Amino acid sequence: MTIQIFLTSMLGLVGVLVGAQQTTSRLVRVSILAVLAFGMFLVWAPETTNRLAGALGVGRGADLILYLWVVITLALILFLYLKILRLARRITQLTRALALTQPMRPEGPGHRP
Amino acid sequence: MMQPVSEVRTWVVVPAFREGSAIRQTLADLLPRFPNVLVVDDGSDDDTASQALAAGATVIRHPLNLGQGAAIQTGITFALAQGAETVATFDADGQHHADDLVRMRDELLRSGCDVVIGSRFLGHADGLSPARRLILKLAIVFTNLTTGVRMSDAHNGLRIMTADAARRINICQDRMAHASELVSQIGKLGLSSREMPVTITYSPYSLGKGQKLTNSFRILADLVSGWLLR
């Protein structure tokens, strides 16, 4: 019973945080909330995962959750990596724009060693 | 009416990172033949910028170190804004020779090509170790396979292009993968290019600053990331 309460409150907390995110699109928010709600349902009806796992050809429900977790984590890492790359491009553009405003000229023609 | 070669306005872009000890020598070779030289100091923590300025080059400083590709793109943008008719790139460490660039500019204007790229394998590579030669050859095979443009030397920093080509090329690879990216864009944009033999003089200094085998994997990773972003 303790673990169910703990997991439910953690999922609920994440749900509140996601729901409050005004910057992410509504579609993304609703999808995440749906996944969280499904997670809560599985916390209170754990046998469901076993039935699902059986239907999909995986031995145990816990294994199914683990596999899904791995796939989701990898997708998240890729997503974040691409986000970092896009951010790096913007930093480059910003740095370039800044650099171009301050060219330093040599002290007149003929100033050569 | 073709302009006399000497009147064509060429800007030479020299990307430089921590080249304080070599940049003067490089500019002493370059400036007598090309009065418009831009050194892009890529966030060096040494006296690269002041040395270049004292030698008579125009200098732009990146507040952060971004990489050679980013420095070259910054330089091209600046050169075009200055009304350059041809834009060249030239390494800061002294491995290139200004005389080669003069010949390449003549060839660019004479042939009507969009881009002329130097090739050390058509010319001379003095002091090139077998291991480095192998890495460079592998890079060439890779670039030829992925870009569809045939080159004998894909990673040569000595190039010259028309302003029109420079305007169309957009280097997004901040670090060393820009060389492959550039060849790839030449292919995609349908620019005409040709190679010319040039001499690369490897000194212990330039070899110390050069690319190592481990960097090739990074270049590969950068290229794959670039494809993902597109």
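The values are calculated or read from the model by the stated rules, or taken from the named source; none is laboratory data. All of these numbers come straight from a predicted model, not from anything done at the bench. All Cβ positions, glycine included, derive from the backbone under ideal geometry; neighbour counts span all protein chains shown.
Considering every residue within region B:157-177, establish whether at least one is without any contact (Cβ under 8 Å) to a residue 24 or more places away in the chain, within 25 Å of B:D99 (Cα to Cα) and not in a loop (DSSP other than H, G, I, E, B). Within region B:157-177, not a single residue is without any contact (Cβ under 8 Å) to a residue 24 or more places away in the chain, within 25 Å of B:D99 (Cα to Cα) and not in a loop (DSSP other than H, G, I, E, B).
Being in a strand (DSSP E or B) and charged (D, E, K, R) is the filter here, so list the residues in region B:100-142 that pass it. Matches in region B:100-142: B:R120, B:D126. In summary, B:N170 fulfils each of the numbered conditions (1) modelled with pLDDT under 90; (2) surrounded by fewer than 22 Cβ atoms within 10 Å (Cβ to Cβ); (3) out of contact with any His (no Cβ under 6 Å at 6 or more places or on another chain) with the single exception of condition (1). Going by the structure shown, is A:I77 at pLDDT 90 or above, of a type outside the set (D, E) and within 30 Å of B:W227 (Cα to Cα)? Spelling it out, A:I77 is indeed at pLDDT 90 or above, of a type outside the set (D, E) and within 30 Å of B:W227 (Cα to Cα).
Being within 7 Å of chain A (Cβ to nearest Cβ) and closer than 21 Å to A:A97 by Cα is the filter here; which residues of region B:50-66 pass it?
Correct list: B:L53, B:A57, B:T58, B:V59, B:I60, B:R61, B:H62, B:P63, B:L64, B:L66.
Quick one: in region A:90-106, of everything that is of a type in the set (K, R) and facing another protein chain (nearest Cβ under 7 Å), which residue is surrounded by the most Cβ atoms within 10 Å (Cβ to Cβ)?
Of everything passing the filter in region A:90-106, A:R96 is surrounded by the most Cβ atoms within 10 Å (Cβ to Cβ).
Listed by position, the strands (runs of 3 or more DSSP E) inside region B:1-99 whose residues that are more than 12 Å from the chain's Cα centre (by Cα) and modelled with pLDDT of 95 or more number at least 2 are B:10-16, B:37-41, B:58-61. For region B:104-136, the tally of residues that are in contact (Cβ under 8 Å) with a residue 12 or more places away in the chain, among the basic types (K, R) and surrounded by fewer than 14 Cβ atoms within 10 Å (Cβ to Cβ) stands at 0.
Applying a threshold of 6 Å to beta carbon distances and a minimum spacing of six or more residues, or different chains, the list of pairs starting in region A:59-82 at a residue that is surrounded by 12 or more Cβ atoms within 10 Å (Cβ to Cβ) and ending at one that is among the hydrophobic types (A, V, I, L, M, F, W, C) and not in a helix (DSSP H, G or I) reads A:L64/A:V58. Per this entry, B:A179 is counted among residues that are within 21 Å of A:T92 (Cβ to Cβ) and of a type in the set (G, A, S). Looking across region B:24-49, the residues that are under 15 Å from B:V87 (Cβ atoms) and within 10 Å of another protein chain (Cβ to nearest Cβ) come down to B:P35, B:V37, B:L38, B:V39, B:V40.
Restricting attention to region B:14-33, and to residues there that are among the hydrophobic types (A, V, I, L, M, F, W, C) and crowded, with 19+ Cβ neighbours inside 10 Å, which single residue is farthest from B:L101 (Cα to Cα)?
B:F17
Of all residues in region B:39-59, those satisfying the criterion of being surrounded by fewer than 24 Cβ atoms within 10 Å (Cβ to Cβ) and in contact with a Pro (Cβ under 9 Å, 6 or more places away or on another chain) are B:G43, B:L53, B:A54, B:A55, B:G56, B:T58.
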